[in-house]
2 protein chains.
Amino acid sequence: MRRAGLVGGLGPESTIDYYHRITALCPSAEIIINSLVVDRMVGFITNDRAAAADYLVRAVEQLAAAGADFAAVAANTPHIVFDRVRPRAPIPLVSIVDATLAEVRKRGLERPGVFGTRFTIQSRLYVDAIAPNATEQDFIHDKYMNELLKGMFLPETRARMLAIADRLIDEHRIDSLILGGTELPLLLREESHRGIPLLDTTAIHVNAIVEAIHSDGAI
Amino acid sequence: MRRAGLVGGLGPESTIDYYHRITALCPSAEIIINSLVVDRMVGFITNDRAAAADYLVRAVEQLAAAGADFAAVAANTPHIVFDRVRPRAPIPLVSIVDATLAEVRKRGLERPGVFGTRFTIQSRLYVDAIAPNATEQDFIHDKYMNELLKGMFLPETRARMLAIADRLIDEHRIDSLILGGTELPLLLREESHRGIPLLDTTAIHVNAIVEAIHSDGAI
């Protein structure tokens, strides 16, 4: 059994979600969580992406020093700088984007939509996915920063998010929706909406992490 | 600001409670959590206390290697072997027992009762506190192991625990009750019962940890 390291705190509520799910699936696994400060990460992502990468590399180095065999960053947005982090990481990293795209392929989905922070959408982290329009994206980003990351999950925000999903279904014929922010499954808990799957990136990432915990070979 | 290390997982639900409370009080603190396996710890505490101490020392060493400036074991029961751990720890440790006894003194409480696992009660971790009788202790221990540590918090268990508190109040005139297990405040959430304070050891420990985070000098 390999020892998982999580870079967490980005934000704290979804880190708790990861911890709950991993300990439920693997009660006999020791895991180590390095909880960073989400406001600091948002500042780096906004102003200095090299500093964002440095912040993540340092966190992964600390997890490795503590004995983690591999690490995962428990959030979507920081994966914007993942290509700058992976080559510098002393241990293998399990990417939420790689795991989600593998799931999209496995399920044969062809027109996924995507929700996430403005950073995630504008950097085209989920490159071929269909994004909300600018106004919708502003709404999602604002609610992500000012409600979801603060642990607030309100019915009116949920209703408006589902209305945006409705428009993407009606006008863009999306066949699935990637919840490309690990706080989103805490607001949109259902597995599907109007017959299309909502892809819970936390759940997909947790499955990949649990697989890596049980893996004996290379990740 | 000093970096806190938590030895967690003993059990997972109370580790989440610590994490929630510390991040709420200190949103700008980086913390690192080394989550151990509670069944393994219970086995060591039952059969091999030296191994329990070794398990904790290794966890604290890993936290120190990851850059923690001090550490806290997020549970009461493992403090049974705390005297064997503290001298071997490479960083200062913040004890839940020390913090709780300081709180008892500060509040001028003279006849505290105590609930906890059988290990905690029989080792007299809270040395002068008044313990439940053997039958009551069996009940509390059984529910601790088979419900609370599994994240089950049932109204009938709660009612029976409060009935035991009632007997300690009526027959032993306790003036307070130490919830000497970090899952207990998840079941008994009120601050007082029939006019006596319920001492939430998680809250008391978290306050001591937050003080250590903000402390510049020795802990």
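Structure data summary
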quantity: Helices (runs of 4 or more DSSP H) within the stretch A:128-219 that include 1 or more residues within 21 Å of A:Thr100 (Cα to Cα) and of a type in the set (S, T, N, Q); calculated: A:134-146, A:201-214
quantity: Selected residue (only one of A:Val37, A:Val73, A:Val57 is within 10 Å of chain B (Cβ to nearest Cβ) and of a type in the set (Val, Ile, Thr)); calculated: A:Val37
quantity: Members of the stretch A:11-40 that are of a type outside the set (S, T, N, Q), open to solvent by less than 10 Å² (accessible area, probe 1.4 Å) and assigned to a helix (DSSP H, G or I); calculated: A:Tyr18, A:Tyr19, A:Ile22
quantity: Among the candidates A:Pro90, A:Pro78, residue that is buried (at least 18 other Cβ atoms within 10 Å of the Cβ), touching a helix residue (DSSP H, G or I) at 6+ places or on another chain (Cβ under 8 Å), in contact (Cβ under 8 Å) with a residue 12 or more places away in the chain and away from chain B (no Cβ under 12 Å); calculated: A:Pro78
quantity: Filter result for B:Thr15 (within 7 Å of chain A (Cβ to nearest Cβ), of a type in the set (Ser, Thr, Tyr) and within 15 Å of A:Ile16 (Cβ to Cβ)); calculated: no
quantity: Among the residues listed as B:Val60, B:Val85, B:Val38, B:Val81, the single one being of a type in the set (A, V, I, L, M, F, W, C) and touching a Phe, Trp or Tyr at 6+ places or on another chain (Cβ under 9 Å); calculated: B:Val81
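For (1) more than 13 Å from the chain's Cα centre (by Cα); (2) free of Cβ contacts under 8 Å to residues at least 60 places away in the same chain; (3) under 19 Å from A:Ile80 (Cα atoms), each residue gets a yes or a no:
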{"position": "A:Thr120", "(1), (2), (3)": "no, no, yes"}
{"position": "A:Ile130", "(1), (2), (3)": "yes, yes, yes"}
{"position": "A:Asp175", "(1), (2), (3)": "yes, no, no"}
{"position": "A:Ile196", "(1), (2), (3)": "yes, yes, no"}
{"position": "A:Ile213", "(1), (2), (3)": "yes, no, no"}
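Residue-by-condition table, conditions (1) open to solvent by 20 Å² or more (accessible area, probe 1.4 Å); (2) under 19 Å from A:Ala72 (Cα atoms):
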position: A:Ile169; (1), (2): yes, no
position: A:Leu177; (1), (2): no, no
position: A:Gly181; (1), (2): no, yes
position: A:Ala203; (1), (2): yes, yes
position: A:His214; (1), (2): yes, yes
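The values are calculated or read from the model by the stated rules, or taken from the named source; none is laboratory data. On a predicted model such as this, the values are computed, not experimentally measured, just so you know. Quick reminder, even Gly has a Cβ in these numbers, built from the backbone with ideal geometry, and neighbours come from all protein chains shown. For the accessible areas, the whole protein counts, side chains as well, though only heavy atoms, and no ligand, DNA or RNA atoms are used. Shrake-Rupley method; radii C 1.70, N 1.55, O 1.52, S 1.80 Å.
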